[in-house]
Amino acid sequence: MITLYTFGPFFGLPDGSPFVMKGMLLLKMAGLDFKAQPTAPFKAPKGKLPFIDDAGVIIADTTFIRRHIEQKYGFDYDSGLTPEQKAIGWALEKLFEDHLYWLVLAERWMDDSNFAKGPARFFDSLPAPMRPFVRAMIRGKVRQALRGQGLFRHSPDERRELARRDLEAAAGLLGDKSFLFGDQPHGADATLGAFTLAALCPHFTGATRDEIEKLPNLAAYARRMEASYFPPRA
């Protein structure tokens, strides 16, 4: 059985990371059995989660996890799509993973209220005397990464405008379809589903949640993906 290394469930979500949720969705879409194993990012081969162990083969990063599944198990995430649709799917994935992600990260880690009830909890398993120092250190590294990436150099109003444009682009592509390209989900839906679920998380406040709630088709899509792949346990 495949082992997917994760952060673990947080904030009422299957995982605290949209990238881990994307990994879960890729495995579920392909119909592959897997077990989720929480671990620390520093134990990952690239220092980030998720990664998988498939019979001793270690694959890090969801893009390469998808490629591994396609090559080993012969599952085609883009079956029936045109070259244009595949290109659109890839572009939308990168919009969310390399742009919207940083906006969500800033809201969760740099807003004091969101941080206290969210990312700060990641360190609760540490000995009490260490927690404040480790929290401050990691939060400082996240702040530095956000500054280096560039989006955190914008004002909160400017970041809201960027989040709005990202989400409206996705809502425009989705239209009135059940999934991005019709009645069945494809590979890009793993990214869009994971990130819209993360953005809608009621545990946090912020521009991304506000803006996605203004887009009924996108909010309904997120709930549809959740019902299809992460139904509540009995």
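Residues of the range 124-155 that are part of a helix (DSSP H, G or I), exposed (fewer than 13 other Cβ atoms within 10 Å of the Cβ) and not hydrophobic (A, V, I, L, M, F, W, C): Pro132, Gly140, Lys141, Gln144, Arg147, Gly148, Arg153. Checked against the criterion of being charged (D, E, K, R), in a helix (DSSP H, G or I), surrounded by 11 or more Cβ atoms within 10 Å (Cβ to Cβ) and in contact (Cβ under 8 Å) with a residue 60 or more places away in the chain, the candidates Arg121, Arg160 yield just one match: Arg121.
For the criterion of being small (Gly, Ala, Ser) and within 21 Å of Thr208 (Cα to Cα), Ala106 passes.
Checking the structure you have, find out if any residue of the range 114-129 is on the phi > 0 side of the Ramachandran plot and of a type outside the set (Val, Ile, Thr). No, that holds for no residue.
One residue stands out among those in the range 10-34 that are touching a helix residue (DSSP H, G or I) at 6+ places or on another chain (Cβ under 8 Å), of a type in the set (A, V, I, L, M, F, W, C) and assigned to a loop (DSSP other than H, G, I, E, B): the one that is farthest from Ile58 (Cα to Cα), which is Ala30.
Starting from the range 206-234, keep only residues that are free of Cβ contacts under 8 Å to residues at least 40 places away in the same chain and in the same structural domain as Ala170 (by TED's automatic domain parsing), then list their pairs with residues that are assigned to a helix (DSSP H, G or I) and surrounded by fewer than 16 Cβ atoms within 10 Å (Cβ to Cβ) whose Cβ atoms are within a distance under 8 Å, requiring at least 6 positions of separation or different chains. Close Cβ pairs satisfying both conditions: Ala219/Glu213. Check whether at least one residue in the range 216-232 is over 29 Å from Arg66 (Cβ atoms), at pLDDT 95 or above and in a helix (DSSP H, G or I), and report yes or no. Yes: the range 216-232 contains one or more residues that are over 29 Å from Arg66 (Cβ atoms), at pLDDT 95 or above and in a helix (DSSP H, G or I).
Does the range 102-115 contain any residue that is of a type in the set (S, T, N, Q) and in contact with a helix residue (DSSP H, G or I) (Cβ under 6 Å, 6 or more places away or on another chain)? Taking every residue of the range 102-115 in turn, at least one turns out to be of a type in the set (S, T, N, Q) and in contact with a helix residue (DSSP H, G or I) (Cβ under 6 Å, 6 or more places away or on another chain). The residues of the range 35-86 that are in a loop (DSSP other than H, G, I, E, B), surrounded by 13 or more Cβ atoms within 10 Å (Cβ to Cβ) and among the small types (Gly, Ala, Ser) amount to a single one, Ala44. Within the range 83-100, the set of residues being within 21 Å of Gly193 (Cβ to Cβ) and free of Cβ contacts under 8 Å to residues at least 60 places away in the same chain comprises Lys86, Ala87, Ala91, Lys94, Asp98. Of all residues in the range 101-118, those that are in the same structural domain as Leu167 (by TED's automatic domain parsing) have Cβ atoms under 6 Å from Cβ atoms of residues that are of a type in the set (Gly, Ala, Ser) and surrounded by fewer than 21 Cβ atoms within 10 Å (Cβ to Cβ), 6 or more apart or on another chain, in Arg108/Gly118.
The values are calculated or read from the model by the stated rules, or taken from the named source; none is laboratory data. Just so you know, these numbers come straight off a predicted model, no measurement behind them. Glycine gets a Cβ as well: all are built from the backbone with ideal geometry, and neighbour counts include every protein chain shown.
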